[in-house]
Amino acid sequence: MSDYFCLDIETMDYRNGVAYYEFIDGTPTRQVTNVDDLWLSSRRDHHPAVGPLLTDQLLQPGEFDEDDRITANEFEEAWRRAIEQEGEV
C-alpha cells in the first residue's frame with residue numbers, strides 16, 4: 001500500500017522548504033525536496049545545503065496528520081518537476 005505526504009521542513013542551512021514523501025508498505029521509497037526554486041529528488045543521496053534527500057525512517061503511526069496526506073498525482077507532479085530540473089543541471 002502506498003502513502004503520500006507533504007510536510008514543511010527546515011534545511012540544514014536553516015531555509016524553509018517542503019518535502020514530499022512516498023512510502024510503500026511503510027518504507028520510504030521516493031522523496032522530493034523543494035527549497036526556494038530548487039527541486040531535488042531522492043535519486044541523489046544528499047545535497048550539501050539541504051541534507052539527506054530520502055528519509056531513513058519507516059512510516060510510524062501518527063507521524064503525519066491527515067492534513068499532511070496528498071494524492072499520488074500530487075506526489076508525481078512534484079517528482080516530475082524535480083526530475084525535469086535535475087536534467088537542466
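Using the structure shown, decide if D8 is assigned to a strand (DSSP E or B), open to solvent by 70 Å² or more (accessible area, probe 1.4 Å), modelled with pLDDT of 95 or more and on the phi < 0 side of the Ramachandran plot. I'd like the intermediate steps shown before the answer.
Numbers: assigned to a strand (DSSP E or B): yes; open to solvent by 70 Å² or more (accessible area, probe 1.4 Å): yes; modelled with pLDDT of 95 or more: yes; on the phi < 0 side of the Ramachandran plot: yes.
Judged against the criteria, D8 is a match.
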Condition first: within 19 Å of G62 (Cα to Cα) and either touching a Lys or Arg at 6+ places or on another chain (Cβ under 8 Å) or assigned to a loop (DSSP other than H, G, I, E, B) (or both). Now tell me which residues in segment 22-45 satisfy that. E22, D25, G26
Is it the case that L53 is aliphatic (A, V, I, L, M), open to solvent by less than 20 Å² (accessible area, probe 1.4 Å) and under 11 Å from A82 (Cα atoms)? no
Any residue in segment 21-43 that is farther than 16 Å from L7 by Cα, without any contact (Cβ under 8 Å) to a residue 24 or more places away in the chain and of a type in the set (A, V, I, L, M)? yes
Going by the conditions given, is E86 open to solvent by less than 90 Å² (accessible area, probe 1.4 Å) and either touching a strand residue (DSSP E or B) at 6+ places or on another chain (Cβ under 9 Å) or part of a loop (DSSP other than H, G, I, E, B) (or both)? yes
Need pairs with beta-carbon distance below 7 Å; first residue over 13 Å from T27 (Cα atoms) and within segment 52-68, second open to solvent by 80 Å² or more (accessible area, probe 1.4 Å) and not acidic (D, E); sequence gap 6+ or separate chains. P52/H46; L53/R44; L53/H46
Selection count, segment 11-20, where residues are touching a residue at least 24 places away in the same chain (Cβ under 8 Å), open to solvent by 50 Å² or more (accessible area, probe 1.4 Å) and part of a strand (DSSP E or B): 0
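The values are calculated or read from the model by the stated rules, or taken from the named source; none is laboratory data. Keep in mind that this is a model prediction, so the values were computed, not measured. As a convention, Cβ positions derive from the backbone with ideal geometry for all residues, glycine included, and neighbour counts pool all protein chains shown. Surface accessibility is based on the protein's heavy atoms, side chains included, excluding ligands, DNA and RNA. Shrake-Rupley method; radii C 1.70, N 1.55, O 1.52, S 1.80 Å.
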